[in-house]
Amino acid sequence: MKLIKYPSRTEWAEILKRPSLDTENLFDTVRSIIDRVKDEGDRAVKEYEAVFDKVELSNIVVTEEEWTEGIANVGEELKAAITLAKKNIETFHAAQRFTGQKVETMPGVTCWQKAVAIEKVGLYIPGGTAPLFSTVLMLAVPAKIAGCQEVVLCTPPGKNGKVHPAVLFAAQLAGVDRIFKVGGVQAIAAMAYGTESVPKVYKIFGPGNQYVTAAKQLVSLRDVAIDMPAGPSEVEVLADASANPVFVAADLLSQAEHGVDSQAMLVTTSEDLLLEVVEEVERQLIELPRWEIAAKSLSNSKLILVRDMKEALELTNEYAPEHLIVETESHTEVAERVVNAGSVFLGSYSPESAGDYASGTNHTLPTNGYAKAYSGVSLDSFIRKITFQEILPEGIAAIGPSIEIMAANEQLDAHKNAVSVRLEKIDNKKLK
Ligand code: HSO
Ligand code: ZN
């Protein structure tokens with residue numbers, strides 16, 4: 001962890017930099033895998049599964065029996081916990097339902113929007129060091145509420161050729177239609193183009209490593225939509241002297257254990273707190289099973305001492321963290337001045353872990369400063385808003401002449417004509 005005291009504004013850009021990855025050959029490698037899956041379908045997918053996930057699969061589909069058998073291995077306690085989380089995620093996302101209203105912009109001109117679900121969506125759940133079954137809920141629950149007709153999920157199997165039981169349980173609970181044992185770039189390509197087994201979808205969601213992210217970016221250039229550009233996870237804790245150093249340290253570590261490239265930041269107005277947090281992090285770190293990962297990622301972490309809350313907020317808005325925990329005296333006031341963040345956690349008893357699992361908010365959020373322009377996944381991510389309009393003769397009579405003038409001035413006479421023929425018809429009727 002780097003301790004930075006009262007940095008000057010000229011140093012901010014350097015301090016707030018995310019660890020950058022060398023992506024020289026990344027896109028070439030990823031493109032070649034995508035192309036083969038596109039051309040050869042399941043055959044290429046299975047070959048890549050053998051190479052990257054070290055499993056020989058005769059069938060990449062999770063069958064009904066496999067699904068049921070897997071779920072039987074999930075303990076009752078975990079099932080109950082996942083069920084509670086699902087309920088809260090459902091409650092929060094159901095409240096996001098869009099109710100458009102019909103608007104009469106002029107007499108006889110009515111316009112409205114209607115939310116329509118994306119018919120086919122694909123969810124990607126990474127394997128790796130920790131199976132993120134919580135992400136299954138975060139993606140499948142809103143997809144079902146939105147009314148997506150086909151919700152498929154790809155996830156790499158373990159070396160035993162099986163999908164993690166908790167992923168199977170969460171998927172069943174949330175209403176996923178089909179699961180495929182495919183990971184990495186080959187999973188993204190399979191969902192983008194379709195194979196004999198995997199259906200082609202219209203939008204792909206979910207986190208992944210740099211290869212998965214690059215694959216999502218490449219397929220989204222032309223062929224399929226994606227949720228958002230994703231990068232390593234991050235948290236910023238914004239705290240003053242009133243904060244509890246034990247809580248702050250625990251929050252920084254909960255981020256740090258995600259991966260060696262995740263980032264945890266503390267921005268504080270209190271030097272005493274900063275020093276206590278340093279001690280506390282060291283104390284808590286050695287107790288963690290994933291201490292090695294956390295220790296590595298803490299080397300990207302910064303503890304920044306600033307002059308006052310105004311400066312703390314300016315720095316925060318410049319960083320635009322994926323997660324922001326505000327542990328200050330008047331956190332409501334402070335939070336009101338936050339304009340760039342993915343998800344904000346207020347007060348001493350709102351750890352990021354709550355949003356990661358069970359409070360109800362979504363944990364698929366913009367990283368890497370994208371919070372300046374993007375929102376996290378929500379019900380909106382699974383719908384499109386189609387606009388409708390219905391114009392009566394009196395309506396076209398009212399707006400028609402303006403359309404004719406605008407079209408003529410853009411030198412688009414056919415546009416003008418589409419209005420003129422109608423206005424003439426209305427005039428003729430009046431004459432009769
Ligand atoms: N913090 C991660 C989500 C997660 N945490 C899943 C635990 N499981 C990105 O928001
Ligand atoms: Zn997390």
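The values are calculated or read from the model by the stated rules, or taken from the named source; none is laboratory data. Values in this document were obtained by computation on a predicted structure and should not be read as measured data. Cβ placement follows ideal geometry from the backbone for every residue including glycine, while neighbour counts extend to all protein chains displayed. Heads up: the accessible areas ignore ligands, DNA and RNA and are worked out on the full protein's heavy atoms, side chains in. Shrake-Rupley method; radii C 1.70, N 1.55, O 1.52, S 1.80 Å.
Suppose we keep only residues that are open to solvent by 70 Å² or more (accessible area, probe 1.4 Å) and among the β-branched types (Val, Ile, Thr) within segment 307-360. Which one would you say is farthest from ligand 1 (Cβ to nearest atom)? Filtering segment 307-360 for residues that are open to solvent by 70 Å² or more (accessible area, probe 1.4 Å) and among the β-branched types (Val, Ile, Thr), the one farthest from ligand 1 (Cβ to nearest atom) comes out as Thr332. Condition test on Leu285, is it farther than 15 Å from Ile4 by Cβ, open to solvent by less than 60 Å² (accessible area, probe 1.4 Å), of a type outside the set (Asp, Glu) and within 16 Å of ligand 1 (Cβ to nearest atom)? It is false that Leu285 is farther than 15 Å from Ile4 by Cβ, open to solvent by less than 60 Å² (accessible area, probe 1.4 Å), of a type outside the set (Asp, Glu) and within 16 Å of ligand 1 (Cβ to nearest atom). Against the list (1) touching a residue at least 24 places away in the same chain (Cβ under 8 Å); (2) more than 30 Å from Val185 (Cα to Cα), the condition Trp67 fails is (2). Ser301 meets each of the listed conditions (1) of a type outside the set (A, V, I, L, M, F, W, C); (2) within 17 Å of Lys5 (Cβ to Cβ); (3) surrounded by fewer than 20 Cβ atoms within 10 Å (Cβ to Cβ); (4) modelled with pLDDT under 95 apart from (3). Within the set Thr23, Thr10, the sole residue that is among the polar types (S, T, N, Q) and either in contact (Cβ under 8 Å) with a residue 12 or more places away in the chain or assigned to a loop (DSSP other than H, G, I, E, B) (or both) turns out to be Thr23.
If the requirement is being in contact with a Ser or Thr (Cβ under 6 Å, 6 or more places away or on another chain) and either more than 15 Å from Lys86 (Cα to Cα) or more than 12 Å from ligand 1 (Cβ to nearest atom) (or both), which of these qualifies: Ile125, Ile118, Ile145? Lay out the reasoning, then the answer.
Working: Ile118 fails: in contact with a Ser or Thr (Cβ under 6 Å, 6 or more places away or on another chain); Ile145 fails: in contact with a Ser or Thr (Cβ under 6 Å, 6 or more places away or on another chain).
Exactly one of Ile125, Ile118, Ile145 is in contact with a Ser or Thr (Cβ under 6 Å, 6 or more places away or on another chain) and either more than 15 Å from Lys86 (Cα to Cα) or more than 12 Å from ligand 1 (Cβ to nearest atom) (or both), namely Ile125.
Take the residues in segment 107-148 that are closer than 23 Å to Val163 by Cα and of a type in the set (S, T, N, Q), then tell me which one is farthest from ligand 2 (Cβ to nearest atom).
Pass one, segment 107-148, residues closer than 23 Å to Val163 by Cα: 120-144.
Still in the list and also of a type in the set (S, T, N, Q): 129, 134-135.
Working: Thr129: 13, Ser134: 8, Thr135: 10 Å.
My answer is Thr129.
For segment 249-265, the tally of residues that are charged (D, E, K, R) and within 12 Å of ligand 2 (Cβ to nearest atom) stands at 2. Scan segment 374-390 and tell me whether some residue there is open to solvent by 40 Å² or more (accessible area, probe 1.4 Å) and out of contact with any strand residue (DSSP E or B) (no Cβ under 9 Å at 6 or more places or on another chain). Checking segment 374-390: at least one residue is open to solvent by 40 Å² or more (accessible area, probe 1.4 Å) and out of contact with any strand residue (DSSP E or B) (no Cβ under 9 Å at 6 or more places or on another chain).
Within segment 108-127, can you find the residues that are among the aromatic types (Phe, Trp, Tyr) and either farther than 13 Å from Thr387 by Cα or in the same structural domain as Ala397 (by TED's automatic domain parsing) (or both)? If you could, list the steps in order and put the result at the bottom.
Here is the first cut: in segment 108-127, the ones among the aromatic types (Phe, Trp, Tyr) are 112, 124.
Once the filter is applied, which keeps residues that are among the aromatic types (Phe, Trp, Tyr) and either farther than 13 Å from Thr387 by Cα or in the same structural domain as Ala397 (by TED's automatic domain parsing) (or both), segment 108-127 yields only Tyr124.
Among the criteria (1) in contact with a helix residue (DSSP H, G or I) (Cβ under 7 Å, 6 or more places away or on another chain); (2) away from ligand 2 (no atom under 12 Å from the Cβ), the one Ile386 does not fulfil is (1).
The strands (runs of 3 or more DSSP E) falling completely within segment 96-183 that include 2 or more residues that are free of Cβ contacts under 8 Å to residues at least 40 places away in the same chain map to 103-106, 150-155.
Evaluation of Ala230 against the conditions (1) at pLDDT 95 or above; (2) within 16 Å of ligand 1 (Cβ to nearest atom) shows that the sole unmet condition is (1).
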